[in-house]
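Data first, discussion second: the structure below is written as structure tokens.
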Amino acid sequence: MVLGIDIGGSTTKIVGFRHGECVGMLQVEAGDQITSAFGAFGKFSAEYGLRMGDVEKIMITGVGAPFLEKGMYDIPTTRVSEFIAIGRGGLKLAALPRALIISVGTGTALVRAADGEITHLGGSGVGGGMLLNLAERFAGVHSFAGITEIAKDGDLGAIDLQLSHISREKIGNLPPDITVSNFGNLRDNAKPADFVLGFINMIFESVGMMAVFATLNTDIKDIVLIGALSATEHAPTVFANLQKMHPVRFHIPKNAIFATAVGAALSV
């Protein structure tokens, strides 16, 4: 078996592949990257009945990968570029031959994967780290699960300035609920849930438009969302709205939060 481990700043994702097929995946949280990585290995072994001798190779990636330069348990361990892992994992989970991959984790990275080449195009500091801290400050929630739950009661109309607020006429192909200004209609009585939903919307609209711009003047029109925020239930709605206005197709594959670990495992 080959293990792919994505060691992030706060969580570690691990997947196992045998003969090219995924046999399991899970994630753990820990106070530091080394503890997180070894904890993920131990939990995965217990969960899937894995013995040390079953592991042929470990492929590691992510910001915590440099902490494991000496490897793990004398098992051959190879470090994989995070951007290579993002590209390969995104294509694999979306079952696409070519695409633009947007990985929304602590920050956001844009990777083009096409014709056997994987290229890091750039990124942004807008992402999950921003969301977690803003949600904690304005709503007192400390986890993605809490953020998703409280956002269900949010009202974007109490936060964002939408086209319908300033125009009675249709403008081009823009829908009436399109955002004209994030937080441009902030009401005095806005609730914590409204703020959290506004933060989510702002982040997804920002990274979504970055991705749209990155596809201009190219023949790549498939955009794959992966990373921690891909599991947020509001993502499909935001990206569906963007898709209506631009000639692109957004994809949020199943198990998208494990895409980078999958890409690492496939880099044997």
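Quick note: the coordinates plus some simple rules give every number you see, no bench work behind them. All values reported here derive from a predicted model rather than from experimental measurement. Every residue, glycine among them, receives a Cβ derived from its backbone with ideal geometry; neighbour counts consider all protein chains shown.
One table, with the values for the structure above:
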{"quantity": "Packing-based ranking, highest mean first, of 67-80, 7-20, 207-220, 35-48 given that Cβ atoms within 10 Å are counted", "calculated": "7-20, 35-48, 207-220, 67-80"}
{"quantity": "Dipole magnitude of the chain about its Cα centre (Cβ charges: Lys, Arg +1; Asp, Glu -1), debye to nearest 20", "calculated": "400"}
{"quantity": "Net charge dipole size for region 149-268 [Lys, Arg +1 and Asp, Glu -1 on Cβ; Debye, nearest 20]", "calculated": "280"}
{"quantity": "Value of D in µm² per second that Stokes-Einstein yields for region 93-148, Kirkwood Rh from Cα pairs, at 37 °C (0.692 mPa s)", "calculated": "254"}
{"quantity": "Taking the C-alpha atoms of the chain, convex hull volume expressed per residue in Å³", "calculated": "121"}
{"quantity": "Along each principal axis, Cα extent of region 196-268, largest first, Å", "calculated": "39, 35, 16"}
{"quantity": "Region 39-174: proportion of alpha-carbon pairs further apart than 23 angstrom, %", "calculated": "61"}
{"quantity": "Value in Å of the Kirkwood radius, where region 119-198 supplies the Cα pairs that are averaged", "calculated": "14.0"}
{"quantity": "Cα centre as origin, Lys/Arg/Asp/Glu Cβ charges: region 1-78 dipole, Debye", "calculated": "80"}
{"quantity": "log₁₀ of I(q)/I(0) at q = 0.26 Å⁻¹ - region 42-91, Debye sum with one point per alpha carbon", "calculated": "-1.03"}
{"quantity": "The chain - percent relative contact order, Cα under 8 Å, separation 6 or more", "calculated": "23"}
{"quantity": "Ratio Rg/Rh [Cα only; Rh per Kirkwood] for region 1-63", "calculated": "0.94"}
{"quantity": "Dipole of the chain [Lys/Arg +1, Asp/Glu -1 at C-beta], most positive-end residue of 156, 217, 64", "calculated": "217"}
{"quantity": "Coarse-grained scattering of region 84-235 at q = 0.09, 0.10, 0.13, 0.21 Å⁻¹, given as base-10 log I(q)/I(0) from a Debye sum over alpha-carbon atoms", "calculated": "-0.33, -0.40, -0.66, -1.22"}
